[in-house]
Each structure stands twice: as C-alpha cells, then as structure tokens.
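Every read-out reported here was derived from the displayed coordinates using simple, explicitly stated rules and does not represent laboratory data. A quick note: this is a predicted structure, and the numbers were derived from the prediction, not measured. All Cβ positions, glycine included, derive from the backbone under ideal geometry; neighbour counts span all protein chains shown.
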Amino acid sequence: MRGKRILLIVGGGIAAYKACELIRLLRKEGAGVRCVLTEGGAHFVTPMTLAALSEQPVHTSLWDLKDEVEMGHIQLSREADLVVVCPATADLLAKMAAGIADDLATTLLLATDKRVLAAPAMNVRMWQHEATRRNVERLRADGVTIVEPDEGEMACGEYGPGRLPEPANLLSAIRHQLERNEGASTSSARTGEKALSGKHIIVTAGPTHEPIDPVRVIANRSSGKQGFAIAEALAALGARVTLVAGPVHLPTPAGVDRVDVETAREMDQAVRAALPAEAAVLVAAVADWGVEAAPSKLKKADGPPALAWSANPDILARLASDPRRPRLLVGFAAETEDVVETARAKRERKGCDWIVANDVSGDVMGGEANAVHLVTAEGVESWEEAPKAKVARRLAERIAAEIGKKA
C-alpha cells in the first residue's frame, strides 16, 4: 500500500473511534491518509486527533473559503486512490444512495470519480430496516463496495449485526479493494475493455452451513475470498455476474448480483435459478453431507447425538448434466494430498471442462494467497503462488479467452 492515497470520511457514530486506529494501520503500511470529519463525527473524535495521526489537515466544512476558492472539494474527491467512509452511518448511506450533497462529505462522494468503500456501523434494528437494506443494495448497484458489519454487542446494549469491523479487518478490505482496482485496469489493458460484455457468469463462493439444531451447524473453513475475487475480476471484464455466496462477511464486489444462501441445497437451487449462463465457476466449498436437524437445541446432558446423515446435491455434477449446461463449466478442488491426480479424476467424474485445484493443508482457506493447478482436457498448468486477487484476474482472462473461442 506504499504510496497509495486514502481519503477517509469519518461519520457520526460511536464507532468513529476505530477510525483512529485505522489511520495508524494505514500509515504503518505506507499509505497517505487525508481525513474529512462530518459534523456528527466531531462529536466522537476531534479534528486534532485525526490531524495528529494522519499528519495532514482535517477538513470539516464545505464553506472553508480558502479551500473552496480553489474548488477544494473537487480536488479532494479526485486526488485519492480510494475513498473510504468509516463509519458509514444510516444517515450517510441514505444520502449517498439518494445523491444528496448537503455537506462536505456528501459533496465529495457525489463529485468523486474514484472507487468508494463504505463500512457501515449502526444499531442492529437500523441495519436491518428495510430502508437501510434498500439503500445498501442501491449503493452496491452503483458500484460502492460495502464491508458487511460484524455481529456482536452494541454500545446501546443490543446484540446483532451492525458493529464496525475491527480496524485490522478494515485494513484488509481496503488492501483488497486497491488490488482489485489495479487488477481491473491491468486486465482491461491486456484483454480489451469489456471482454466479457453481455456474458452471464455464475460464481459460487464460501462455505455452506448444514444445521444440526437451531443453534449448531456443520461447516468448513472456507473464507470465500477466492470466489469473491473471481466474481470481481469477471465483472471488471464486463460480465454480468451472479454470485451465490455461502455465510461469509465480505463486501459484495462492485457490479455483481449477490444471492446469499446457507445450506448446500439452497446453493443448488440458487445456481439452477440463475441459469442460463455462458459460464459457471463453482468455487464454494460445499458440504458433502447434511443431517436431519433437530427442531430444538440438543442438550449436552443427553450425551452425543446420533446424527442421521444424508448426501447433499452434487452441484457441479448436476450442472454438468443439466440441459441448460453453461458452455464453460469450471469446478474447484481443495485437497490436502495428491492434488493434481485427484483433480484430474474429479474433472472426468463430474463432467466439467476445467478444475482449479489447490493444496489447502496450510493457511490457504483463510489466507490472502493461493497457488493453483488448472486442469483441463489439454493438460495441467501450475500457477505460482500469488495474491488471490491476482489468481482471480488470471483465471478471468483465461475464461474470457475460452468463451471467445467458443463464440
């Protein structure tokens, strides 16, 4: 992140204090930070604090005569590599969605030509309100990256989703967004603008959760990062992407239609409902088995439960035999041994075109990098370890080239 310029808009919520730590982490990574403090934000942190941490003047008013004689709000809005709104209150989200520009922060957001990342934080009822959900979906459709809030205890004493993620997680989201911005620019230069324009591609990502009872699930360690990066890279090439996501807390990539599911059966239904498509990239780590869930919480005093197992739908194999089968069907194989040979056998058994295989015996499923093997009918390509965003861009380019050949 060295040399990157971040414009940080601090909204008026109790979580504004976390913006101070975020500034410190960004500066430690080598990024430059300029802060805009809203009137509400100034009730929680002071301009002096933000100025000391960022080592830059803090901007608070649209009517600063010296700055505005030079059209300062235009310059601020366009000189950054990324605009970050943290915390993004319900009020700020509503104004962003409606295009209101009644103070410095909202005017900057309307004037910017750079990507915007917003980290909402608010009371759980406000976050779950229909108006907020509507505003969030509008912003996502407009290309704003939304970092899903964490679930936990609120300052008001309530519990649920709405907490601002920890600064280290926000730093990771910002880093990913900057990588994606660079990747989209590089991909466009190499493969031509909108190489996948007009093509519909389905991507699955994350784990599935199979309930045991109302509070317990069977799950896996998939973070969803690789699948979300692939959806982002495909959208950057102009594809209409339907992202079917298991239970993860990741921002929806810009320009991507997201469908949230929990179980393997729900994911299977969502994938089939999204057809037809030119291609499908099934990255999700789908649970092979589910159990018949108990209607009430199982009690520890009753001893280990006897679980009635049943096979979940094989989404990849079912899609391969569907009459509406995509022209290019890509599966993923997460293995811990005999990675390539297992992937070769899986490709033939499932009836898909490609398998992307990787060794997950290390920190891959939750990590930031991946080393994969692309297994096709022509053979095996082994790609060196790289950030997941870079792996995604390379795969998206290969998909674009393959679809172009089949057109």
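Overview of values
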| item | result |
| --- | --- |
| Cα-centre dipole for the chain with unit charges at Cβ (Lys and Arg positive, Asp and Glu negative), debye to 20 | 700 |
| Segment 56-61 - phi-based ³J(HN,Hα) in whole Hz, Karplus 6.51/-1.76/1.60, Gly and Pro as x | 9, x, 9, 9, 10, 10 |
| Peptide ranges 337-344, 277-284 listed from the most packed, as the mean C-beta count within 10 angstrom indicates | 277-284, 337-344 |
| Sorted peptide list for 11-23, 262-274, criterion being average Cβ within 10 angstrom, highest first | 11-23, 262-274 |
| Projected label distance in nm at Glu137 and Ile14, using a 7 Å step from Cα toward the beta-carbon | 3.0 |
| Using θ = phi - 60° and Karplus 6.51 cos²θ - 1.76 cosθ + 1.60, couplings along segment 311-321 (whole Hz; Gly, Pro as x) | 6, 7, x, 8, 4, 5, 5, 5, 5, 5, 9 |
| Cα-based Rg / Dmax (Å) for segment 1-120 | 12.9, 35 |
| Farthest toward positive dipole pole in the chain [+1 Lys/Arg, -1 Asp/Glu at C-beta], among Ile100, His209, Val256 | Val256 |
| Contact order normalised by residue count of the chain, Cα under 8 Å, 6+ apart, percent | 11 |
| Taking all pairs of distinct alpha-carbon atoms in the chain, Kirkwood radius in angstrom | 22.7 |
| Exposure proxy ranking, count of Cβ atoms within 10 Å, fewest first, for Met154, Met122, Met96 | Met154, Met96, Met122 |
| Charge dipole (debye, nearest 20) of segment 254-348; +1 at Cβ of Lys and Arg, -1 at Cβ of Asp and Glu | 240 |
| Alpha-carbon centroids, segment 1-19 and segment 107-149: separation in whole Å | 15 |
| Structure-based [θ]222 nm, the chain - -39500 (n - 2.57) summed over DSSP H runs of at least 4, per residue, nearest 500 | -11500 deg cm²/dmol |
| Highest-first arrangement of 244-252, 291-299, where packing means the average Cβ count within 10 Å | 244-252, 291-299 |
| Extent along principal axes [Cα atoms of segment 192-406; Å; largest to smallest] | 63, 34, 33 |
| Charge dipole (the chain, unit charges on Cβ, about Cα centre) - positive-most of Cys156, Val124, Ala270 | Ala270 |
